1. Identify the residue in the stretch 301-336 that is among the acidic types (D, E) and modelled with pLDDT under 95 and, among all such residues, is farthest from N238 (Cα to Cα).
2. Considering the stretch 240-275 alone, what residues qualify as being touching a Lys or Arg at 6+ places or on another chain (Cβ under 6 Å) and either more than 16 Å from the ligand (Cβ to nearest atom) or among the hydroxyl-bearing types (S, T, Y) (or both)?
3. Out of contact with any Ser or Thr (no Cβ under 6 Å at 6 or more places or on another chain) and in a helix (DSSP H, G or I) - does that describe any residue in the stretch 113-121?
4. Among the residues in the stretch 315-324, are any within 13 Å of the ligand (Cβ to nearest atom) and either of a type in the set (F, W, Y) or more than 24 Å from the chain's Cα centre (by Cα) (or both)?
5. Would it be correct to say that V231 is away from the ligand (no atom under 16 Å from the Cβ), in a loop (DSSP other than H, G, I, E, B) and buried (at least 16 other Cβ atoms within 10 Å of the Cβ)?
6. Only one of (1) assigned to a helix (DSSP H, G or I); (2) in contact with a strand residue (DSSP E or B) (Cβ under 8 Å, 6 or more places away or on another chain); (3) among the hydrophobic types (A, V, I, L, M, F, W, C) fails for A221. Which number is that?
7. Working only within the stretch 143-165, note down all residues that are of a type outside the set (A, V, I, L, M, F, W, C), within 14 Å of L178 (Cα to Cα) and either in contact with a Leu (Cβ under 7 Å, 6 or more places away or on another chain) or at pLDDT below 90 (or both).
8. Would you please list the contacts, defined by Cβ atoms under 7 Å and residues six or more apart or on different chains, that run from a residue in the stretch 36-49 that is on the phi < 0 side of the Ramachandran plot and outside any strand (DSSP E or B) to a residue that is crowded, with 18+ Cβ neighbours inside 10 Å and basic (K, R)?
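The values are calculated or read from the model by the stated rules, or taken from the named source; none is laboratory data. Only a predicted model underlies this, so the values are computations on that prediction, with no experimental measurement involved. Every residue, glycine as well, gets a Cβ built from its backbone with ideal geometry; the counts of neighbours run over all protein chains shown.
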Amino acid sequence: MSRPPSPGVGPGADEATPDEEDCRRLARALECVPDGVVVVDAEGNETFRNAAAMRFRDARHAEALAAHAVDQLLEAARQGVVDERELPLFGPPREVLVIRAQPLADGANIFGAVALIHDVTDTRRVESVRRDFVANVSHELKTPLGALGLLAETMASADDVEVVRRLAEQLVRESDRLGRIVDDLLDLSLIEAQEAPTREPTPVRILVEEAVERLGPLAVAQGIPLQTEPVTDDLLVNCDPGQLVSAITNLLDNAVKYSEPGRVVEIGARPEHGQVLIEVRDHGIGIPSRDLERIFERFYRVDKARSRATGGTGLGLAIVRHVTEAHGGEVMVESIEGEGSTFRLALPLADATTVAEMS
Ligand code: ADP
């Protein structure tokens with residue numbers, strides 16, 4: 001296997017001096033570094049390139065841009081300039097690299113330069129998600145807050161008792177909405193923050209029954225028959241029951257909210273390939289296929305007006321996805337616009353022995 005050139009390693013390397021042996025060890029250590037490392041001598045000849053930097057040698061397409069930046073920065077570094085450049089590569093895959101070069105000097109004598117190539121793609125993605133999230137939260141809170149202010153102002157100048165009563169009712173509705181958004185945000189951050197969540201083997205039947213019980217009054221009020229298919233007692237999942245009940249309740253809540261009165265909503269659960277599938281089916285308005293991928297994002301709504309009218313926060317499905325993934329499962333959706341939607345939670349079945357040990 002050919003080894004990349006390393007500083008001070010010459011042809012007679014078998015009888016390496018202690019210095020040469022140190023260099024070799026250093027070169028091996030640099031091979032393990034996830035950042036790309038490129039070293040040149042005073043004349044600009046490459047003396048070392050670690051594995052992570054290999055893809056930028058003889059590179060084509062997007063990587064050639066990075067290779068060019070490395071050359072330029074090394075050239076400047078040989079003249080004593082320390083410089084750094086952030087380089088977005090439009091891929092695919094999309095990447096962001098930070099390339100930094102600095103001279104290698106012994107006092108005033110510059111004997112080469114080193115370039116470091118650091119992949120900051122994930123960091124930048126997280127930063128951008130966080131920025132969008134803060135912007136979205138601010139916007140979502142501003143709308144009901146603005147409405148509250150306006151309602152209070154109008155109330156202050158209204159003389160008619162009936163008008164004041166109606167304004168007060170609206171005020172309560174808006175403040176409830178604000179409260180729900182804050183509750184959902186707290187739920188989301190709680191789920192995210194739980195590093196060692198508690199898990200207990202729980203019959204799926206109980207989770208389903210509890211969710212149906214919670215949603216029952218709303219379904220009755222909306223004229224939606226809620227049909228529960230029988231769930232066998234042997235289906236168990238290791239879970240935080242409160243979180244899973246709230247995920248199933250969110251699915252039922254949507255199924256009821258986005259259905260016309262009289263349309264049945266069904267819920268059931270069955271085992272499949274070592275998993276349990278909890279299924280919520282409705283025959284409501286459905287979801288356009290172009291929106292299906294995005295409905296699990298925080299604050300994404302297909303029809304803003306309808307979501308608002310039904311008291312939605314745009315956070316329900318984000319909570320469902322977080323809870324499911326935190327339990328090692330996934331959430332799936334199938335929907336046809338105008339015909340209805342089916343949401344499925346696939347969760348690992350609790351192993352019978354684990355259950356026996358834990359109970
Ligand atoms: P919301 O609080 O607005 O209901 P969710 O995160 O629960 O927020 O859902 C996101 C969006 O997905 C909703 O605004 C709605 O447009 C769509 N949606 C979710 N469930 C259904 C469903 N069962 N039928 C039709 N549309 C749905």
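1. Residues of the stretch 301-336 among the acidic types (D, E): 303, 325, 330, 334.
Next, from what is left, pick out any that are modelled with pLDDT under 95: 303, 325.
Numbers: D303: 35, E325: 13 Å.
Among those that are among the acidic types (D, E) and modelled with pLDDT under 95, it is D303.
2. Within the stretch 240-275, the subset touching a Lys or Arg at 6+ places or on another chain (Cβ under 6 Å) is 249, 266.
Once the filter is applied, which keeps residues that are touching a Lys or Arg at 6+ places or on another chain (Cβ under 6 Å) and either more than 16 Å from the ligand (Cβ to nearest atom) or among the hydroxyl-bearing types (S, T, Y) (or both), the stretch 240-275 yields only T249.
3. Taking every residue of the stretch 113-121 in turn, at least one turns out to be out of contact with any Ser or Thr (no Cβ under 6 Å at 6 or more places or on another chain) and in a helix (DSSP H, G or I).
4. Looking only at the stretch 315-324, we keep the residues that are within 13 Å of the ligand (Cβ to nearest atom), and these are 315-323.
Applying the additional criterion that residues be either of a type in the set (F, W, Y) or more than 24 Å from the chain's Cα centre (by Cα) (or both) yields none.
No, every residue in the stretch 315-324 fails to be within 13 Å of the ligand (Cβ to nearest atom) and either of a type in the set (F, W, Y) or more than 24 Å from the chain's Cα centre (by Cα) (or both).
5. Answer is yes for this residue.
6. Condition not satisfied by A221: (2).
7. Of everything in the stretch 143-165, those that are of a type outside the set (A, V, I, L, M, F, W, C), within 14 Å of L178 (Cα to Cα) and either in contact with a Leu (Cβ under 7 Å, 6 or more places away or on another chain) or at pLDDT below 90 (or both) turn out to be T143, P144.
8. Cβ pairs passing all conditions: A42/R78.
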